[in-house]
Each structure stands twice: as C-alpha cells, then as structure tokens.
Amino acid sequence: MCDLILKVKGEITMLIAEQNARFAVAVSDRGYIIEKGRIAYEGTSAELAADEGVKEKYLAV
C-alpha cells in the first residue's frame, strides 16, 4: 500500500486517517493531530517526526 501511495502522491491529493504514525509520516507531506474534535497539532511530516513533545504526548514514544 505504501508503494501505491508514493506512486500517486504527486498526482492527486489524499486525506489519510492513520494510527500508524511511522507509515503516515513516510507517505505524507503534512500531518495533523486531532484531539477531541479539534486540531491539536499541524505541521510538516518532518516537523511532526522531530517534535519530542508531540511524540511523548500523542505517539506514545
């Protein structure tokens, strides 16, 4: 599935709701964390992956 998403990534816009953070970061340009129906975090996938506070609070790392 990852290969297919990466293949069409530059051709179409996709919204992916995914609990697997590593997968989501690997195939996306931007990330959003929704908490209680509101956007609690938004940024590039690289920013999301590098943010220690986000990892501790939302990604159980």
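The values are calculated or read from the model by the stated rules, or taken from the named source; none is laboratory data. Treat the numbers as computed from the prediction; the structure is a model and nothing was measured. Glycine also receives a Cβ, built like all others from the backbone with ideal geometry; neighbour counts cover every protein chain displayed.
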Any chance residue 36 is at positive phi, among the basic types (Lys, Arg) and without any contact (Cβ under 8 Å) to a residue 12 or more places away in the chain: yes
Among the candidates 39, 34, residue that is surrounded by 11 or more Cβ atoms within 10 Å (Cβ to Cβ), at pLDDT 90 or above and not basic (Lys, Arg): 34
Number of positions in segment 10-37 that are touching a Leu at 6+ places or on another chain (Cβ under 7 Å) and part of a strand (DSSP E or B): 1
Lone unmet requirement of (1) over 14 Å from the mean Cα position of the chain (by Cα); (2) assigned to a loop (DSSP other than H, G, I, E, B); (3) of a type outside the set (A, V, I, L, M, F, W, C) for residue 7: (2)
From the options 46, 60, 40, residue that is of a type in the set (Gly, Ala, Ser) and assigned to a helix (DSSP H, G or I): 46
